[in-house]
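Laboratory data are not the source of any read-out in this text; all were calculated from the coordinates shown. Since this is a predicted model, take the numbers as computed values, not measurements. No Cβ is skipped: glycine too gets one built from the backbone with ideal geometry, and neighbour counts run over all protein chains shown.
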Amino acid sequence: MSLYIHNKKRSVTSYIFEKYIATLDTKKNLSTRELTRKHLDHMGMENIKPYQIGKVKLVSPITEHIYEDIQVFTLNDQHSRKQKVVLYIHGGAHTHQPLSLHWKFMDHMAQALHAKVVAPIYPKVPHYNYKHTYPKLLQIYRDILGSVDHPAQITIMGDSAGGNISLGLAHYVNMHHLPQPKDIILLSPCVDMVLDNPVIFDYETRDPMLAVEGYDVIRRIWAADKPLHDPLISPIYGDFNGLGKISIFIGTHEGLFPDNMRLDKLLTDQSIDHHTYVYPKMNHVFVLYPIPEARDAKRKIINIINATAPEYKP
């Protein structure tokens, strides 16, 4: 158990990137319920189209196949049972498809770790909810388990809403009595969709990307018939005993920062082995950005995944 606080001076690049994010419509689209509903109407039309990666230069070979009616992309498959596997659940407010930043990050992980990265284009709001997504991801996870020599070769990782789903998936894996991955790595995750922590609103003013009011529309569609306190919706309320080792990466210029610190305290109080990495003045999903702080975080992620589990001797 450890809390790491990045103590280097903030980079100029990260400051410039923060100002750039503020010029986008990301936060505006979530600023009111009405604007969010309009945005969901648009995304609903976009998401029924087959997803295309676009013009992103990747080092890793990449393949695509249809699995359980969804597109699944695989980077750097060496067709070896000894290869590490990262199941990457991309973020995007449970609504958006992956961006070029996601693919560049996954490609970097695949190359640095010599790992296979599996990236499902999972069902999203507004047409779908947790009931459509978790069973498909669980089946993909089952197949990954069958493709390796040991579960210690597996990492579940995700950013933002993908971090929410990643931790929820770990709970879901436990519910189905399957072996856990060695690592669960969460990048700026939404761990509590109840969003009733009053401190959130203080941090939201520093966050150039996320707004709570509009997200209320999204979370209620995603949760469907589940209460917001259910661990599949808000994984902070789950049972963490027996889960893979959790590592959290979070910035202090994020509306989600307070709830991530609640999760850190909860895990510490329960003596659950985990690591929390706090980066002052960093923005939501900063680990994906082309900034020095992200490079530092990526080095830490690589070291975490490369650490061999005591019970596994490759």
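Neighbour counts of other C-beta atoms within 10 Å: give me Thr252, Thr95, Thr63 arranged from fewest to most. Present the calculation step by step, with values, prior to reporting the outcome.
Details: Thr252 18, Thr95 24, Thr63 10.
The most exposed by this proxy come first: Thr63, Thr252, Thr95.
Pick from Glu293, Glu254, Glu64: which is most flexible by mean-square fluctuation in a GNM of the chain where alpha carbon atoms under 10 Å apart are linked? So, out of Glu293, Glu254, Glu64, the one fluctuating most is Glu64. Using the alpha carbons alone, the radius of gyration of the stretch 34-91 stands to its Kirkwood radius in an Rg to Rh ratio of 1.08.
Centroid-to-centroid, using Cα positions, the stretch 141-168 and the stretch 221-295 are 16 Å apart.
Taking every DSSP bridge with both residues inside the stretch 2-306, close to 25 percent are antiparallel. For the pair Asn7 and His79, a Förster radius of 41 Å applied to the C-beta separation gives a FRET efficiency near 0.45, rounded to the nearest 0.05. In plain terms, the residue of Ser166, Ser234, Ser60, Ser188 with the fewest other Cβ atoms within 10 Å comes first and the most crowded comes last, giving Ser60, Ser234, Ser166, Ser188. Along the Cα→Cβ direction, 7 angstrom out, place labels at Lys131 and Asp273. What is the inter-label distance in nm? According to this spin-label approximation, the distance is 3.8 nm.
Per DSSP H run of n ≥ 4, the term is -39500 (n - 2.57); total these for the chain, divide by its residue number, and report the mean residue ellipticity at 222 nm rounded to 500 deg cm²/dmol.
Working: 10 runs with 122 residues, N = 314.
Calculated mean residue ellipticity at 222 nm is -12000 deg cm²/dmol.
Along the Cα-to-C-beta direction of Ile53, a point sits 7 Å from the Cα; which residues of the stretch 62-90 have their amide N less than 13 Å from that point? Inside the label zone: 62-65, 72-77.
For the stretch 180-314, just say rounded, prolate or oblate: build the C-alpha gyration tensor, square-root its eigenvalues into a ≥ b ≥ c, call rounded for a/c under 1.5, and beyond that prolate if a/b exceeds b/c, oblate if not.
Oblate.
Once you've got the Cα coordinates, tell me which of Lys116/Lys300; Lys9/Lys245; Lys49/Lys300; Lys84/Lys245; Lys116/Lys182 are over 25 Å apart. It would help to have the intermediate numbers written out before the result.
Numbers: Lys116/Lys300 19 Å; Lys9/Lys245 29 Å; Lys49/Lys300 36 Å; Lys84/Lys245 16 Å; Lys116/Lys182 15 Å.
As for pairs spanning more than 25 Å Cα to Cα, those are Lys9/Lys245; Lys49/Lys300.
Taking amide H as placed 1.01 Å from N in the peptide plane, Met193 has its amide H under 5 Å from the amide H of Ser234, each at least 5 places away in sequence or on another chain. In terms of its C-alpha gyration tensor, the stretch 2-306 has a rounded overall shape, because the principal axis ratio a/c (a ≥ b ≥ c, square roots of the eigenvalues) stays below 1.5. Taking Leu35, Leu263, Leu169 in turn, the Gaussian network model of the chain (Cα-Cα springs below 10 Å) assigns the largest fluctuation to Leu35.
Could you work out the mean projected area of the convex hull around the alpha carbons of the stretch 75-189, in square nanometres to one decimal?
Working: hull surface 25.7 nm².
Orientation-averaged projected area of the Cα hull: 6.4 nm².
Of Arg220, Arg37, Arg299, the residue with the greatest mean-square motion in the GNM of the chain, using alpha carbon springs below 10 Å, is Arg299.
Quick one: net charge around Lys136, please, counting Lys, Arg +1 and Asp, Glu -1 for every other residue with C-beta under 13 Å from its C-beta. Present the calculation step by step, with values, prior to reporting the outcome.
Details: positive: Lys124, Lys131, Arg142; negative: Glu68, Asp69, Asp143.
Result for the local shell: 0.
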